[in-house]
1. Assess whether VAL218 counts as being at pLDDT below 95, on the phi < 0 side of the Ramachandran plot and either in the same structural domain as GLY129 (by TED's automatic domain parsing) or outside any loop (DSSP other than H, G, I, E, B) (or both).
2. Can you tell me how many residues within the range 107-142 are outside any strand (DSSP E or B) and touching a residue at least 24 places away in the same chain (Cβ under 8 Å)?
3. Quick one: how many residues across the range 150-169 are β-branched (Val, Ile, Thr) and more than 36 Å from the chain's Cα centre (by Cα)?
4. Check whether at least one residue in the range 113-134 is surrounded by fewer than 20 Cβ atoms within 10 Å (Cβ to Cβ), touching a Gly at 6+ places or on another chain (Cβ under 7 Å), of a type outside the set (S, T, N, Q) and modelled with pLDDT under 95, and report yes or no.
5. I'd like the full set of residues that are touching a residue at least 12 places away in the same chain (Cβ under 8 Å), among the hydrophobic types (A, V, I, L, M, F, W, C) and either over 10 Å from THR117 (Cα atoms) or outside the structural domain of GLY257 (by TED's automatic domain parsing) (or both), limited to the range 145-164.
6. Of the conditions (1) farther than 28 Å from THR189 by Cβ; (2) outside any helix (DSSP H, G or I); (3) at pLDDT below 65, PHE8 clears all except one; give me its number.
7. With (1) surrounded by 15 or more Cβ atoms within 10 Å (Cβ to Cβ); (2) modelled with pLDDT of 95 or more; (3) not aliphatic (A, V, I, L, M) as the list, and THR230 as the residue in question, which single condition is left unmet?
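The values are calculated or read from the model by the stated rules, or taken from the named source; none is laboratory data. Since we're looking at a predicted model, the values are computed, not measured. Cβ placement follows ideal geometry from the backbone for every residue including glycine, while neighbour counts extend to all protein chains displayed.
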Amino acid sequence: MSIAMIVFISAALTARGVIDKSNNLTVATQSASSQAATDTAAASSVAVGTSTSSVSGIPGGQLTQVISTYGGSSMLKRADISVTWNASSSKTSYSAGMLSLTTLMSYPNHISNLFNTGVDGAGALLTQGSTDSHWSIMSGPQTGALYVPPPNPAWFARTSNSQWISPSVVQSGAVPAGTYQYRTTFTVTGPALSGLSIAVGCATDDAISDVRLNGTSVATNLGGSSFWTTFNITSGFVTGSNTLDFYVSNVGSTSSGLQVQMTGSP
């Protein structure tokens, strides 16, 4: 066979779309896989329903995605993804086709809306005299709002991520004696609760008699005003809203307060 004939056959195959078919199948595979990977990473925000979009690089390419709940659980979703395409012209040797795949998506385990003491919604330190909207007193000699008082030189210094809060906005040194139940809430997403943890650092005046997650004790007899105490919470979480309570004892009508800094994982 002459060199000219080989060149002619090669050109004819290209014109008929044999090479294009291979390339388009590759594009289709990448499009479907990329869509599945994107949706899996953003499972918590994927809405149930059907959506379509065009796919570049494929003649008449269209991607269709059907999202549905799986196993009757709102925490699990199924994604049926397909890419369809047409022949580019009457000169191509392959017909319209489809590539499909199915993947399951689940909400990842995650702790969110966990706020240190004395910070705003962005995690920045509040100004002195501010009310801490993420913490409140549920029971004790007085209940309700907690404030960011002026620094007390006898207390452990505030950090860049947390500061002291107190029933007294002025830190008068005359907070009624008793046990104050400081509460904050946070959110857990995900159907499986194993592997969750919160690393806690705290200081208190006078002492923390108990720490309870959703009503169950996770630490007792902690703290002091001039040093930092750390512990970990590794169990007791529930899906959805969680309550975390610090029971702060104030011996005598003296100053009282709490500083807490926490890191949730994952």
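1. Against the criterion (at pLDDT below 95, on the phi < 0 side of the Ramachandran plot and either in the same structural domain as GLY129 (by TED's automatic domain parsing) or outside any loop (DSSP other than H, G, I, E, B) (or both)), VAL218 does not qualify.
2. 15
3. Selection size over the range 150-169: 0.
4. no
5. Result: ALA145, ALA154, TRP155, PHE156.
6. For PHE8, the failing item is (2).
7. Going through (1) surrounded by 15 or more Cβ atoms within 10 Å (Cβ to Cβ); (2) modelled with pLDDT of 95 or more; (3) not aliphatic (A, V, I, L, M) one by one, THR230 breaks only (1).
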